[in-house]
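J.: Submitted below is the structure of interest, expressed as structure tokens.
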Amino acid sequence: MNIIILIPVFNDFKSVTKLIEEIDINISELKVTFSVIVVNDASTEEKILETKNLNNIKSLKLINMRNNTGHTRCIAAGLKHISENEQFDYVIPMDGDGEDRPEEIRNFLEKIKDN
């Protein structure tokens, strides 16, 4: 099973970096392939993902929007990119500011198995 985690971000690359590292830790025992796509909503600050030692995330991509379009449009642009360019079974959108918790990914997978 291939799962893509989609994260929109505007100027908060420190939080997104921390989130990605926490995702990597939380998926370590899951028998699923995970990739992460970050959609940068035309941030005005430096755009650096300084992740270290990602052992469980297969790939990490950064998509840059030309103009600031807002959270919802970033997700839509990410979903369009994913549907046209990526191999996946499921997409999990997550907020880059820590509102969504990586521990909940396991719950999502349980719901998939139930259905």
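The values are calculated or read from the model by the stated rules, or taken from the named source; none is laboratory data. All of these numbers come straight from a predicted model, not from anything done at the bench. A quick note on method: Cβ atoms are made from the backbone with ideal geometry, for glycine too, and the neighbour counts reach across all protein chains shown. Heavy atoms of the whole protein, side chains included, go into the accessibility calculation; ligands, DNA and RNA do not. Shrake-Rupley method; radii C 1.70, N 1.55, O 1.52, S 1.80 Å.
J.: From the residues in the stretch 11-27 that are of a type outside the set (A, V, I, L, M, F, W, C) and not in a loop (DSSP other than H, G, I, E, B), which one is nearest to residue 105 (Cα to Cα)? Working first, answer last.
T.: Filtering the stretch 11-27 down to residues of a type outside the set (A, V, I, L, M, F, W, C) leaves 11-12, 14-15, 17-18, 21-22, 24, 26.
After this cut, where a residue has to be not in a loop (DSSP other than H, G, I, E, B) as well, the list is 14-15, 17-18, 21-22, 24, 26.
Values: 14: 21, 15: 18, 17: 17, 18: 16, 21: 14, 22: 11, 24: 11, 26: 8 Å.
So, considering only residues that are of a type outside the set (A, V, I, L, M, F, W, C) and not in a loop (DSSP other than H, G, I, E, B), the one nearest to residue 105 (Cα to Cα) is 26.
J.: Here's another thing I want to ask about it. Count, please, the residues in the stretch 6-36 that happen to be β-branched (Val, Ile, Thr) and touching a Gly at 6+ places or on another chain (Cβ under 6 Å). Even if it seems obvious, please write down each step before you answer.
T.: From the stretch 6-36, those β-branched (Val, Ile, Thr) are 7, 9, 16-17, 20, 23, 25, 27, 32-33, 36; that's our starting set.
Now narrow it down to the ones that are touching a Gly at 6+ places or on another chain (Cβ under 6 Å): 7, 9, 16.
Residues meeting the conditions: 3.
J.: Within the stretch 28-41, does at least one residue satisfy the condition of being more than 16 Å from residue 105 (Cα to Cα), outside any strand (DSSP E or B) and touching a residue at least 24 places away in the same chain (Cβ under 8 Å)?
T.: yes
J.: Based on what the data block shows, is residue 84 within 15 Å of the chain's Cα centre (by Cα) and acidic (Asp, Glu)?
T.: Considered against the rule, which asks whether it is within 15 Å of the chain's Cα centre (by Cα) and acidic (Asp, Glu), residue 84 comes out as no.
J.: Taking the stretch 27-54, which residues are at pLDDT 95 or above and open to solvent by 40 Å² or more (accessible area, probe 1.4 Å)?
T.: Of everything in the stretch 27-54, just one residue is at pLDDT 95 or above and open to solvent by 40 Å² or more (accessible area, probe 1.4 Å), namely 33.
J.: Regarding the stretch 70-93, can at least one residue be identified that is of a type outside the set (Gly, Ala, Ser), in a strand (DSSP E or B), modelled with pLDDT of 95 or more and open to solvent by less than 40 Å² (accessible area, probe 1.4 Å)? I'd like the intermediate steps shown before the answer.
T.: Going through the stretch 70-93, the residues of a type outside the set (Gly, Ala, Ser) turn out to be 71-75, 79-82, 84-93.
With in a strand (DSSP E or B) added as a condition, the list becomes 90-93.
After this cut, where a residue has to be modelled with pLDDT of 95 or more as well, the list is 90-93.
In the following step, the residues that additionally are open to solvent by less than 40 Å² (accessible area, probe 1.4 Å) were identified as 91-92.
Yes, the stretch 70-93 has at least one match.
J.: Just to be sure, is residue 96 assigned to a loop (DSSP other than H, G, I, E, B), within 11 Å of the chain's Cα centre (by Cα), of a type in the set (Gly, Ala, Ser) and within 11 Å of residue 7 (Cβ to Cβ)? Before you say what the answer is, go through the steps one by one.
T.: Values: assigned to a loop (DSSP other than H, G, I, E, B): yes; within 11 Å of the chain's Cα centre (by Cα): yes; of a type in the set (Gly, Ala, Ser): yes; within 11 Å of residue 7 (Cβ to Cβ): yes.
Answer is yes for this residue.
J.: Cβ-Cβ under 8 Å, sequence separation 6+ or interchain: first residue in the stretch 97-115 and farther than 14 Å from residue 31 by Cα, partner open to solvent by 100 Å² or more (accessible area, probe 1.4 Å). Which pairs?
T.: Note: pairs meeting the criteria are 98/18; 102/25.
J.: Of the residues in the stretch 47-69, how many are among the basic types (Lys, Arg) and in a strand (DSSP E or B)? First the steps, then the outcome.
T.: Within the stretch 47-69, the subset among the basic types (Lys, Arg) is 47, 52, 58, 61, 66.
Then keep just the ones that are in a strand (DSSP E or B); that gives 58, 61.
Summing the residues that are among the basic types (Lys, Arg) and in a strand (DSSP E or B) in the stretch 47-69 gives 2.
J.: Scan the stretch 94-115 residue by residue and report those that are open to solvent by 50 Å² or more (accessible area, probe 1.4 Å) and in contact with a strand residue (DSSP E or B) (Cβ under 7 Å, 6 or more places away or on another chain). Outline the logic, then answer.
T.: To start, the set of residues in the stretch 94-115 that are open to solvent by 50 Å² or more (accessible area, probe 1.4 Å) comprises 97, 99, 101, 103-104, 106-108, 110-111, 113-115.
Selection gives 108 alone.
J.: Can you tell me which residue in the stretch 1-23 is nearest to residue 85 (Cα to Cα), limited to those that are surrounded by 17 or more Cβ atoms within 10 Å (Cβ to Cβ) and in contact with a Phe, Trp or Tyr (Cβ under 8 Å, 6 or more places away or on another chain)?
T.: The residue in question is 4.
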